[in-house]
Amino acid sequence: MKANRKAYIRSLGRFLPERRLTNKELERMVETTDEWIVSRTGIKERRILDPGLGNSYMALRAARECLERAEVSPTEIDAIIIATVTPDMFFPSTACLVQRDLGASKAWGFDLSAGCSGFVFALTTAAQFVESGRYSKVLVIGSDVMSSIIDYTDRNTCVLFGDAAGAALVEPCPEPDYGIIDFIQRCDGSGEPYLHMKAGGSRKPATIETVKNREHFVYQEGRQVFKVAVTEMASVTEAVLQRNGLTGDDITFLIPHQANLRIIKACADRVNIPMERVVINIDRFANTTAATIPLCLYDILVEDKKVKKGDYLVLSAFGAGYTWGSILIKWWE
Ligand code: UT7
């Protein structure tokens with residue numbers, strides 16, 4: 001066990017449902033237009049999981065690809081952390097279901113609930129387990145079936161979200177100066193009124209009334225959330241750079257949570273990172289909650305192979321809670 005070791009992302013995987021829901025289709029479902037959706041959010045289409053398939057279906061497939069890429073056997077995994085707000089069921093955790101279906105015979109695991117900041121919170125949690133020397137192989141999965149909690153009669157929310165999963169294998173970095181260098185994470189429960197699900201939890205269990213009142217869906221006051229997201233996402237991003245003696249010029253890629261292209265642009269502008277160095281896939285996948293950041297990492301690392309050893313990446317997220325955070329990574333290889 002080495003006390004000063006850093007954790008790094010060794011491998012990535014993802015799962016995208018095949019079904020595409022386009023803005024044109026949404027035009028036929030609610031009073032909206034492709035023009036409104038694209039200009040206000042940047043979204044063109046989103047993926048939707050077939051009914052009857054739960055979160056673990058996607059998380060398992062992302063995990064398998066991640067391990068296959070690293071040529072790591074599921075039996076080597078120490079722990080599985082799944083960031084999600086849409087588990088298969090309240091209990092057991094989706095992590096338990098994935099552990100079983102993956103055949104990760106020695107792993108323990110749990111679900112982590114932090115809304116759209118879920119992957120960022122889960123990645124730093126995994127990094128702490130690895131840095132402490134306690135564990136060497138932790139699987140972090142951001143997976144959400146947002147279509148299972150979206151009201152497709154509510155134009156305020158139904159255009160925004162999609163389904164997907166992304167997985168990362170976190171291991172000790174071969175050199176201590178590389179990997180997950182630093183992070184800042186925050187939460188503020190005063191955000192509850194503006195982004196939540198009204199019923200289905202212990203405060204207001206499901207009844208015929210709650211179902212009739214459509215209280216089992218995402219409720220969001222978008223304008224309120226927008227204002228805080230712009231300010232706080234930018235401020236943690238700026239803070240993590242500043243305290244490591246870096247500026248936007250040193251960053252190869254900003255990897256922001258994909259909730260709204262306007263929030264992303266405002267954040268990038270504040271930290272002086274030009275849009276060519278900001279990873280965007282909201283147009284293709286919309287807001288997949290805990291999956292947006294691993295999907296972005298997959299785009300630049302697996303698909304485009306644009307990152308090289310020593311590059312600095314900054315991950316930044318904001319979500320329900322409110323929760324928010326940023327992570328600074330010096331890429332290993
Ligand atoms: O990921 C978790 C954290 N979440 C976020 O970060 C989301 C933050 N919020 C947002 O991204 C934006 O607030 C939204 C995209 C949700 C909404 O954009 P906006 O520019 O803030 O619009 P708005 O809510 O202020 O609504 C403007 C108008 C309203 O009409 P009136 O009251 O001005 O007549 C809405 O009813 O746009 C209307 N509207 C729509 N019109 C066409 C709302 N949704 C739609 C729609 N199509 N889908």
Take the residues of segment 197-236 that are in a helix (DSSP H, G or I) and among the β-branched types (Val, Ile, Thr): which is nearest to the ligand (Cβ to nearest atom)? Val225
Segment 237-321: helices (runs of 4 or more DSSP H) wholly inside it with 1 or more residues that are among the charged types (D, E, K, R) are 261-270, 282-285
Which of the residues spanning segment 244-279 are under 20 Å from Cys116 (Cβ atoms), open to solvent by 10 Å² or more (accessible area, probe 1.4 Å) and among the polar types (S, T, N, Q)? Asn260
Report yes if Leu313 is under 15 Å from Leu123 (Cα atoms) and either buried (at least 24 other Cβ atoms within 10 Å of the Cβ) or over 12 Å from the mean Cα position of the chain (by Cα) (or both), otherwise no. yes
Give the residue that is nearest to Ile141 (Cα to Cα), with candidates limited to residues of segment 322-333 that are more than 16 Å from the ligand (Cβ to nearest atom) and not in a loop (DSSP other than H, G, I, E, B). Ile327
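Any chance you could count how many residues in segment 231-247 are small (Gly, Ala, Ser) and in contact with a helix residue (DSSP H, G or I) (Cβ under 6 Å, 6 or more places away or on another chain)? Step through it out loud before you land on a result.
Our first condition is that a residue be small (Gly, Ala, Ser); within segment 231-247, this holds for 234-235, 239, 245.
Keeping just the survivors that are in contact with a helix residue (DSSP H, G or I) (Cβ under 6 Å, 6 or more places away or on another chain) gives 234.
Adding up the residues that qualify gives 1.
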For segment 280-295, does any single residue satisfy the condition of being β-branched (Val, Ile, Thr), under 20 Å from Ala234 (Cβ atoms) and surrounded by fewer than 23 Cβ atoms within 10 Å (Cβ to Cβ)? yes
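Quick check on Ala291: is it of a type outside the set (Phe, Trp, Tyr) and at positive phi?
Answer is no for this residue.
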Could you grab me the full set of residues in segment 149-183 that are touching a Cys at 6+ places or on another chain (Cβ under 7 Å), surrounded by 17 or more Cβ atoms within 10 Å (Cβ to Cβ) and assigned to a loop (DSSP other than H, G, I, E, B)? Ile150
Scan of segment 232-243 for residues that are open to solvent by less than 50 Å² (accessible area, probe 1.4 Å) and under 12 Å from Leu328 (Cα atoms), ordered by number: Val236, Thr237, Ala239, Val240, Leu241
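The values are calculated or read from the model by the stated rules, or taken from the named source; none is laboratory data. Here the structure is a predicted model, which means the values were calculated and not measured. So basically every Cβ, Gly included, is an ideal-geometry build from the backbone, and we count neighbours across all protein chains shown. For the accessible areas, the whole protein counts, side chains as well, though only heavy atoms, and no ligand, DNA or RNA atoms are used. Shrake-Rupley method; radii C 1.70, N 1.55, O 1.52, S 1.80 Å.
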